[in-house]
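The values are calculated or read from the model by the stated rules, or taken from the named source; none is laboratory data. Bear in mind that the values here come from a model prediction, so they are computed numbers and not experimental data. Cβ: placed from backbone, ideal geometry, glycine included. Neighbour counts: every protein chain shown.
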């Protein structure tokens, strides 16, 4: 049975404050190798991401050193200081379906 969650890949540059808050809540001590999901995109490039789920969407946030630094420096009251661009993200490949 397929779940009805929309799947979205989010790059650090397109990370919203809401998704960042969810990441920090899910991984308060940071993520480790067990949390990383690896897959190949349509260009056959290896992508590594961590997952965060909302009521209707499963986000795969591409990992990078900038993501780790932003998560560790996150302050709920000052999330606008990160210069995060709130733009549309690319859709995750169908291969990620459960």
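List every residue pair whose Cβ atoms lie under 8 Å apart, where the two residues are 6 or more positions apart in sequence or sit on different chains, the first residue falls within segment 25-47 and is free of Cβ contacts under 8 Å to residues at least 24 places away in the same chain and on the phi > 0 side of the Ramachandran plot, and the second residue, located anywhere, is surrounded by 10 or more Cβ atoms within 10 Å (Cβ to Cβ) and in a strand (DSSP E or B).
none
Do you know which of the residues in segment 20-38 that are in contact with a strand residue (DSSP E or B) (Cβ under 6 Å, 6 or more places away or on another chain) and modelled with pLDDT of 90 or more is farthest from residue 55 (Cα to Cα)?
Looking at residues that are in contact with a strand residue (DSSP E or B) (Cβ under 6 Å, 6 or more places away or on another chain) and modelled with pLDDT of 90 or more, I get 38.
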